[in-house]
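Some notes on the structure that comes next.
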Amino acid sequence: MDIRTLKGVGEKTAALFEKLHISTAEELVFYYPRDYEQFEEPVSLSEAGDGEMAAVAGRIAGNVATRHVRGLSVTTFQISCEGGMLHLTYFNMPYLKNSLKRDQTYIFRGCLQKRKDRYVMEQAGIYKPEEYGKLTDCMQPRYSTTKGLTNNAITKAVKQAVSLVDLSGDPLPAFIRRDMGFPGYREAVEQMHFPTRRELLIEARKRLVFDEFFQFILTLRRMREENERTKCEYPMIEMAQTKRLIEALPYRLTGAQARVWEEIKGDLTGEYAMNRLIQGDVGSGKTILAFLALVMCAANGCQGAMMAPTEVLARQHYESLLNLKKKYGLQINPVLLTGSVKSRDRRDIYAQIESGEADVILGTHALIQEKVAYKKLALVITDEQHRFGVRQRESLAKKGEAVPERNKTVHVLVMSATPIPRTLAIILYGDLHISVLDELPADRLPVKNCVVNTSYRNTAYKFIEKEVSQGRQVYVICPMVEEGETQELEDVASYTKKLKSVLSETVRVASLHGRMRPDEKNRIMEAFEAHNIDVLVSTTVIEVGINVPNATVMMVENAERFGLAQLHQLRGRVGRGDKQSYCIFISKSKRPETLERLKILNESNDGFYIAGKDLALRGPGDLFGIRQSGDLQFMLGDIYRDAAVLQSASDWAQKVLAKDRDLSGEEFETLRKILDLRNAKDVDFRSI
């Protein structure tokens, strides 16, 4: 059902929905809220908590003044309310000077902060009392928006879509629903969008998260059974070239690296095809192990391919391997294949790969396009596995099947810096053997961390200027792309303008986010890598895919909105060079438990320790407000917060496959259709 069939959605609005990857009413139904707002009764200033969302009623006192600072308009005024005076600031909203009436009462809702002896709010929502009264005691859905498409417009469209789309077929068998006490499918979907009570929302979310995990695990296990352990047709032997490279390196492999290399070597020289995951923190030395495996593969007369999630990272891997080849005389012929390679060069690379002249192939998802024909592909390595997904990994592995009916089995090595506790990793990567790099090189300088509130911002800005003046670079992370209707969240667009106005004119500030075109993202990342940008304001799109040793500062706004494991991932973007690096986590929340959670990042730079703590701290009632988007890209599920649901889904998947391996029974009809449809789909690269 085309989204344009919905009332009020014309060509222009449909184009805006397309930016969110929504083109049908069905896709809109499964575009769940990222958060919910509960509008509380207005309170006095003395009752409101410092750093918390609050609603305050009052009248304008004095003048509404607007000034301009380097192209940014700043509007300020005070209101007289119960408990004293409240100072309000708005950016790029000069029209407020004419629209606000001095004799009228308004309700201002936003993050209230006390700075010395003053109460302040920035970008607070403004409501008339009767308008605000209609919103109290309701849970209002908040969707991720895009410029030109408001939360209100999405809400109206979702209401129509939910009533029109057929949700009668329940993918979860009745016996599981009964045993788990889950609501029906339609009820769960409706409650996710428009909850009538918090308790019902929690149950609905639990049900839909279970569905997501259950279907993922079923797909994974069915695939594993289809690809039963097969003897490898590319047997290898240990070669002197890898031994010489290890001895010639300017550093010694850590104990963990040496152990994992023995495991990889054992797989490559063994009777069966390798299926191995290497988990290790940023900087633990995964890449050199991948290079050793590629060198060993080439030395055995075979081809090895390594797929990275971004063009920038693929190129960095390629250049690193070329340096090793030149410095140590490696007998390899690497090529780089990405989407931006020009047509003439691409044809030459295709020919080298098909003839076998190119024995090490590095690139992005371009490696698995139909035109790429390998002569003797024996090893497939994917970097940041969760960014590709199981299907994409399998698509590359199948490139080794030069004769499809013979079903040649290639060696598969996947690498991830996502610190997933072993108990969960066994479920999520059930078809892989797991190796853990739990040791960092001794000469690595640990990142210095601090968890602060928003009053520290001006100090942070001065520190950023100081680092930039010394030739260093800085990341600033915001949770949103554009200004939205949730005033307490910082967004990339507004924050970039703000930094340009408060930092020195000599500081080069740019922005980056996932909604940009791939070529634009690459251009900006390459400019940052080349030090043509000093401060990069970004969403978590930089979580993987860029290696800039010159970057020494990572500042995360709204740190309370991210999971600890993801904050640790972001922290891994700095501390890659020989200079001291720093991470500044800024939180708007003053709740003791929130600050205690964030301070765990001060305790350790060990990702697995942090992941374990993250797992222990999550609770079933902690619904939203912590984004954990880095892990396997589940739509609703969070492997930390929902660890118990993940375990339960794994147990049920095992029972169901034991009962009916092919899901041929009538009770599995809807589930079977969904899984078959998903498996038949072309690989979707939009998330890469």
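The values are calculated or read from the model by the stated rules, or taken from the named source; none is laboratory data. Predicted model, so just to flag it, every value in this text is computed and none were measured. Positions of Cβ are backbone-derived with ideal geometry, glycine not excepted, and every protein chain shown enters the neighbour counts. Accessible surface areas use protein heavy atoms only, side chains included; no ligands, DNA or RNA. Shrake-Rupley method; radii C 1.70, N 1.55, O 1.52, S 1.80 Å.
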TODO: Let me know the whole percent of all Cα-Cα pairs from segment 199-337 that are separated by more than 24 Å.
DONE: 46
Open item on the list: With +1 on the Cβ of every Lys and Arg and -1 on the Cβ of every Asp and Glu, and nothing else charged, how large is the dipole of the chain about its Cα centre, in debye rounded to the nearest 20?
Closed with: 1680
- [ ] Would you mind working out the accessible area per residue for segment 1-97, using a 1.4 Å probe, and quoting it in Å²?
- [x] 49
- [ ] Over segment 235-294, calculate the relative contact order: mean separation of alpha carbon pairs under 8 Å at least 6 apart, over the residue count, as a percent.
- [x] 40
TODO: Would you kindly derive the ³J(HN,Hα) couplings of segment 557-564 from the backbone phi angles with the Karplus curve 6.51 cos²θ - 1.76 cosθ + 1.60 (θ = phi - 60°), listing them in order in whole Hz, with x for Gly and Pro?
DONE: 7, 6, 4, 5, 8, 10, x, 4
TODO: Using Cα pairs closer than 8 Å and at least 6 residues apart in sequence, work out the relative contact order for the chain, in percent.
DONE: 14
Task: Under 5 Å, built H, 5+ apart or other chain: amide partners of Asn449 - done: Cys583
Task: Total formal charge among the other residues, if their Cβ is under 11 angstrom from that of Lys579, Lys/Arg +1 and Asp/Glu -1 - done: 0
Open item on the list: Under 5 Å between amide hydrogens, which residues at least 5 positions from Val380 or on another chain qualify, with H placed 1.01 Å from N in the peptide plane?
Closed with: Ala305, His411, Val412, Leu413
Task: the chain - percent of accessible surface contributed by carbon and sulfur, probe 1.4 Å - done: 49
- [ ] Choose one of Gln123, Thr66, Cys111: the residue whose Cα lies farthest towards the positive end of the charge dipole of segment 1-143 (beta-carbon charges +1 Lys, Arg; -1 Asp, Glu; about the Cα centre).
- [x] Thr66
Task: Residue-count net charge about Gly49 - beta-carbon cut-off 9 Å; Lys, Arg +1, Asp, Glu -1 - done: -1
- [ ] Tell me the Kirkwood hydrodynamic radius of segment 463-530 in angstroms, computed as one over the mean inverse distance between distinct C-alpha pairs.
- [x] 13.2
Open item on the list: Need one number: nm distance between label points at Leu164 and Thr24, each 7 Å from Cα along Cα→Cβ, rounded to one decimal.
Closed with: 1.3
- [ ] Please list 202-212, 664-674 highest first by mean number of surrounding beta-carbon atoms within 10 Å per residue.
- [x] 202-212, 664-674
Open item on the list: For Ser73, what residues show an amide H to amide H distance below 5 Å, using hydrogens built from the backbone and excluding near sequence neighbours?
Closed with: Asn92
TODO: Would you kindly calculate the translational diffusion coefficient of the chain, applying Stokes-Einstein with the Kirkwood radius from alpha carbon pairs, for 37 °C and a viscosity of 0.692 mPa s, and quote it in µm² s⁻¹ without decimals?
DONE: 120
TODO: Kindly write out, for segment 511-518 in residue order, the coupling ³J(HN,Hα) from the Karplus curve 6.51 cos²θ - 1.76 cosθ + 1.60 (θ = phi - 60°), rounded to whole Hz, with x marking Gly and Pro.
DONE: 10, 8, 7, x, 8, 6, 5, x
Task: Alpha carbon convex hull of segment 225-300, volume per residue in cubic angstrom - done: 98
TODO: Rank-order 237-248, 73-84 by packing density, defined as the average count of other C-beta atoms within 10 Å over each peptide's residues, highest first.
DONE: 73-84, 237-248
Task: Cα→Cβ-extended label distance, 7 Å offset, between Asp348 and Asn323, nm - done: 2.4
Open item on the list: For a protection proxy built on the mean count of beta-carbon atoms within 10 angstrom, sort 256-265, 319-328 highest first, please.
Closed with: 256-265, 319-328
Task: Förster-model FRET efficiency, 60 Å R0, Lys599 and Arg102, C-beta, rounded to 0.05 - done: 0.85
